[in-house]
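The values are calculated or read from the model by the stated rules, or taken from the named source; none is laboratory data. Just so you know, these numbers come straight off a predicted model, no measurement behind them. Cβ atoms come from the backbone with ideal geometry, glycine included; neighbour counts cover every protein chain shown.
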């Protein structure tokens with residue numbers, strides 16, 4: 001069983017138990033499922049967690065553009081990996097939340113990463129039928145001191 005299938009099954013189990021999970025736990029579960037799908041190269045599974053409509057990069061990217069962006073990243077990096085740093089989730093309204101975090105993205109074709117970048121990410125989420133979907137994502141590179 002691939003990691004993507006396990007992730008999807010885990011999220012479905014978590015959603016089924018969503019009454020006992022906090023908004024924070026549910027949004028983090030969606031982020032982790034997206035991470036696993038991207039790392040497995042499953043762009044369709046990744047996009048299941050992206051709302052329509054979606055706005056990315058300060059309204060410069062819609063859902064279709066974000067999907068193309070993810071396909072490009074997955075195709076360019078056979079071994080795409082992501083590591084979240086503290087994820088701060090805040091419920092902003094009924095069925096809406098924000099999640100802010102840093103993420104280290106690495107990629108390449110071999111065993112070891114050939115490139116990487118740290119990003120500061122600000123996201124907005126909506127609960128659609130019990131599933132938390134990404135509705136807005138803005139990311140900026142973090143410049144590390146020399």
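What to note about this one:
- Inside segment 87-110, residues that are assigned to a loop (DSSP other than H, G, I, E, B) and at pLDDT 95 or above make up a count of 2.
- Extreme residue, surrounded by the most Cβ atoms within 10 Å (Cβ to Cβ), among residues of segment 70-86 that are part of a loop (DSSP other than H, G, I, E, B) and more than 16 Å from the chain's Cα centre (by Cα): 77
- Filter result for residue 139 (in a strand (DSSP E or B) and in contact with a helix residue (DSSP H, G or I) (Cβ under 8 Å, 6 or more places away or on another chain)): no
- Of the residues 58, 119, the single one that is out of contact with any helix residue (DSSP H, G or I) (no Cβ under 8 Å at 6 or more places or on another chain), surrounded by fewer than 17 Cβ atoms within 10 Å (Cβ to Cβ), under 23 Å from residue 24 (Cβ atoms) and touching a residue at least 12 places away in the same chain (Cβ under 8 Å) is 119.
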